[in-house]
Each structure stands twice: as structure tokens, then as C-alpha cells.
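To start, the structure under review is shown below, and the notes come after it.
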Amino acid sequence: MTPEELAQRELDIAAAAVPRVPESVPMLNARLALIGAGHMAAVKAYVDAAPGVEGDQARTYLEYAQNVRRDHWLVEGIRQVLELTPTDIDALFITAASID
């Protein structure tokens, strides 16, 4: 292999080792990841206190959705309320995806 090919191979191996953030995970897994991280009580308090139609939608989503998308507005709201970084949310999604 040429030096360029070896360098590319090392980059490819390094990229493969980095876990990908899933676009969505099963809601059960998301809830289990939140429990494991100690965030579930705060999430429930936030959703329970949300007023109006948006609050009703948030409670329904949390209770009945089969999957949760990384780009869903509720995920961003939870991130802000819990003062988490986008990287923290990504880590929760990666954790949730790894739960069997």
C-alpha cells in the first residue's frame, strides 16, 4: 500500500470506531437511557408542567410514541430545560440505541 492508502485506511478505521448518532430510537430505549442518566424525573416534571396544546402533545408523545426522533421539538425542549449540550443528547441516543 502507498502511504496515502495507509493514511486513508487509518482514517476509515477511526471513522468506523466513532458511534453514529441514530436519527431515532425506540421510546422505551430512550426512557431507559434517561432513567440511567438520572434525567427521567426532570423530563416528566417538564412535560407535566407544559401548558396548553403543546403540553398535551408533549405528554402524548412521551406516553404513546413508539419511537423518538433526534430532531423532534420535544427533544430540543428537554435538552434546553436540562441544560444539556447537543453532544449530551447525542450520547443519550447512542446509549438508547445500544439497549436490547
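The values are calculated or read from the model by the stated rules, or taken from the named source; none is laboratory data. None of the values given here were measured: they were computed from a predicted structure. Every residue, glycine as well, gets a Cβ built from its backbone with ideal geometry; the counts of neighbours run over all protein chains shown.
I'd like the full set of residues that are surrounded by 12 or more Cβ atoms within 10 Å (Cβ to Cβ) and closer than 16 Å to His39 by Cα, limited to the range 87-100.
If the condition is that a residue be surrounded by 12 or more Cβ atoms within 10 Å (Cβ to Cβ) and closer than 16 Å to His39 by Cα, then Asp88, Ile89, Asp90, Ala91, Leu92, Phe93, Ile94, Thr95, Ala96 are the ones that fit.
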Only listed residue being at pLDDT 95 or above, part of a helix (DSSP H, G or I) and touching a Pro at 6+ places or on another chain (Cβ under 8 Å), chosen from Ala96, Ala33, Ala42: Ala96
Are any of the residues in the range 62-73 surrounded by fewer than 11 Cβ atoms within 10 Å (Cβ to Cβ), in a helix (DSSP H, G or I) and more than 10 Å from the chain's Cα centre (by Cα)? yes
